[in-house]
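Colleague: Pasting a structure here, questions to come.
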Amino acid sequence: MYYPIDEVTVRRSHDMMSMSDYKEGSATAGYRAAVDEAASLVEQQKQKVSPFYHEKLDALLDRYARRLAQWTNDHNRNGASCPSVLVCGPANFPTRKKQKQNAREDALWKEYNEIQDILNKIKSVGTGPIDPTDPHARELHADRLQKLQAELERGKAMNAHYRKHKTMKGFRDLTDETAAEMDKAIANAPAFARTPYPDFELSSLRGKIKRTQENLAKLDSLEQHKDDAANNLDFDGGRIFLNMEQNRLQIFFDEIPDEETRAALKSHGFRWSRRNEAWQRQLTRNAIYDAKRILGITDTKPATAANQGDATQEAAPLATPSAEDKAGEIHPAAGIDGYPQCIIPGA
C-alpha cells in the first residue's frame, strides 16, 4: 500500500527552506497518514457498492498511494534545488535558479490537485448506472426495484392519510415533530404540490420502476442468448463476436491487421484489449455497422447456417441503417445480422 519516501531529500529540502531542525520520518508519517485516510474511504465505499467495483477501488487506492509518493519526492527534490533567501542571504543569490524552482513549484501543486481528485473518483465509484457486465447486476436491479416499489406504496399511503386527516400526525413511523415539519412544508408548497408526495414525484417513481423492470427483463434475455451462434460472424482474416457478458463487440484477427485498418478501428472508437486479445468497443448497433464497414463486409451469412446444415442459405445483403437505427444498442436475441430494437440494460 505504501511507497517509499526519500527522507534524505526531505531533510535537504527542509534545510534549504528553514532554520529549524527536521524531525526524522515526519514526511513519511504524513504521507502514510494520507494514504490511510484514502484506504478508509475505500473501505467505506466498498460497503456501499457491488463487489464488482472492489477491484477498481483497490486500483484507485494504489494509484493514489503511488502518485502521492512520487509527488512528495518530486516536491522535496525541487525544494532542495535552491535555498531560500532567508537561509542563505541576498548576497550572490541565484535569482534565475529560484525563478525556475518557483515555476516548477506551481506545476507541482497543479499535479497535487489532480492526485487529490482521485479521492473524488473513489467516492463516485459504483454510484452511477448499474453496469450490465456486473455479475451482481440482477441482484442490484432487484434490490432497486424493491426499494422503489416500497417508496411508491409509502407515498400513496401518506397522501391518503393527509387527504383524510389534513395532517401527517398519526402516520406510522412518523414522530409528532417530523409530522409537524411535514405539515409546515406542505402548507408552504405551491398549490399543485400541497401533499406529501405530489403527482410528479409519484410519476417519476413509476417511471423508474418501469425502467428497472425492463432492465431486469433484458438481463434475463441477455443471459438466455449469450451463447447464441448468431453472435459470431466469420470474415476473411478473422471473426466478429458479440460478447454479451462484457457488453462489448470484439474483433479477433488471425494476424495483426495492417496500419490502415488499425487507424480506422481507432478512429471509430475501437481499442485493443490485451487481456481479451481483441479489438473492441461497447456493444451497439453502431459498433456492428462500423465494424462491417471497416472490414469491408457487404454480405453476411449467419453462423447458425452451419449448425443447421443449410449450405445453400443465401447471404442477406447488408442494409445501411439510418442514424437513429445505428445509435441503439443490441437486443441479445438479434445477433450480428439483425438490427434490433431493444437496448441492453445500463441504467
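Colleague: Tell me, which residue of segment 188-203 that is surrounded by 14 or more Cβ atoms within 10 Å (Cβ to Cβ) and without any contact (Cβ under 8 Å) to a residue 40 or more places away in the chain is farthest from MET158 (Cα to Cα)?
Modeller: Among those that are surrounded by 14 or more Cβ atoms within 10 Å (Cβ to Cβ) and without any contact (Cβ under 8 Å) to a residue 40 or more places away in the chain, it is ALA193.
Colleague: To continue, here is another question. Can you go through TYR3, TYR31 and tell me which one is of a type in the set (Phe, Trp, Tyr), farther than 30 Å from ARG144 by Cα and open to solvent by less than 70 Å² (accessible area, probe 1.4 Å)?
Modeller: Exactly one residue qualifies, and that residue is TYR31.
Colleague: Can you find a residue in segment 141-159 that is modelled with pLDDT under 95, among the small types (Gly, Ala, Ser) and under 30 Å from GLN282 (Cα atoms)?
Modeller: Taking every residue of segment 141-159 in turn, at least one turns out to be modelled with pLDDT under 95, among the small types (Gly, Ala, Ser) and under 30 Å from GLN282 (Cα atoms).
Colleague: If you scan segment 283-298, which residues turn out to be open to solvent by less than 90 Å² (accessible area, probe 1.4 Å) and not β-branched (Val, Ile, Thr)?
Modeller: LEU283, ARG285, ASN286, ALA287, TYR289, ASP290, ALA291, LYS292, LEU295, GLY296
Colleague: Among the residues of segment 113-140, what is the count of those that are in contact with a Lys or Arg (Cβ under 8 Å, 6 or more places away or on another chain), under 16 Å from ALA59 (Cβ atoms) and aliphatic (A, V, I, L, M)?
Modeller: Result for segment 113-140: 3.
Colleague: Quick one: HIS268 ticks every box in (1) open to solvent by 20 Å² or more (accessible area, probe 1.4 Å); (2) modelled with pLDDT under 85 bar one, so which box is it?
Modeller: Condition (2) is where HIS268 drops out.
Colleague: For the subset of segment 40-53 comprising residues that are in a helix (DSSP H, G or I) and buried (at least 16 other Cβ atoms within 10 Å of the Cβ), which member is modelled with the lowest pLDDT? I'd like the intermediate steps shown before the answer.
Modeller: Just the residues of segment 40-53 that are in a helix (DSSP H, G or I), to begin with: 40-48, 51-53.
Filter once more, so that each one left must be buried (at least 16 other Cβ atoms within 10 Å of the Cβ): 41-42, 45-46, 52-53.
Details: LEU41: 97, VAL42: 97, GLN45: 95, LYS46: 94, PHE52: 83, TYR53: 88.
If we take residues in segment 40-53 being in a helix (DSSP H, G or I) and buried (at least 16 other Cβ atoms within 10 Å of the Cβ), then PHE52 is modelled with the lowest pLDDT.
Colleague: Could you list, in sequence order, the residues of segment 271-281 that are open to solvent by less than 90 Å² (accessible area, probe 1.4 Å) and modelled with pLDDT under 90?
Modeller: Across segment 271-281, the qualifying residue is only ASN276.
Colleague: A further question follows. Taking into account only those residues within segment 83-117 that are hydroxyl-bearing (Ser, Thr, Tyr) and under 45 Å from the mean Cα position of the chain (by Cα), which is farthest from ASN73 (Cα to Cα)?
Modeller: Among residues in segment 83-117 that are hydroxyl-bearing (Ser, Thr, Tyr) and under 45 Å from the mean Cα position of the chain (by Cα), the one farthest from ASN73 (Cα to Cα) is SER84.
Colleague: List pairs: first residue in segment 111-140 and touching a residue at least 12 places away in the same chain (Cβ under 8 Å) and closer than 12 Å to TYR53 by Cβ, second residue open to solvent by 80 Å² or more (accessible area, probe 1.4 Å) and assigned to a loop (DSSP other than H, G, I, E, B) anywhere in the structure, Cβ distance under 8 angstrom, at least six positions apart or on different chains.
Modeller: Note: pairs meeting the criteria are THR133/GLU245.
Colleague: Continuing with this model, one more query. Could you tell me whether segment 248-263 includes any residue that is in a strand (DSSP E or B), touching a strand residue (DSSP E or B) at 6+ places or on another chain (Cβ under 9 Å) and aliphatic (A, V, I, L, M)?
Modeller: So far as segment 248-263 goes, yes, one or more of its residues are in a strand (DSSP E or B), touching a strand residue (DSSP E or B) at 6+ places or on another chain (Cβ under 9 Å) and aliphatic (A, V, I, L, M).
The values are calculated or read from the model by the stated rules, or taken from the named source; none is laboratory data. No experiment lies behind these values; they were computed from the predicted model shown. No Cβ is skipped: glycine too gets one built from the backbone with ideal geometry, and neighbour counts run over all protein chains shown. What goes into the accessible areas is simple: the full protein's heavy atoms, side chains included, and nothing from ligands, DNA or RNA. Shrake-Rupley method; radii C 1.70, N 1.55, O 1.52, S 1.80 Å.
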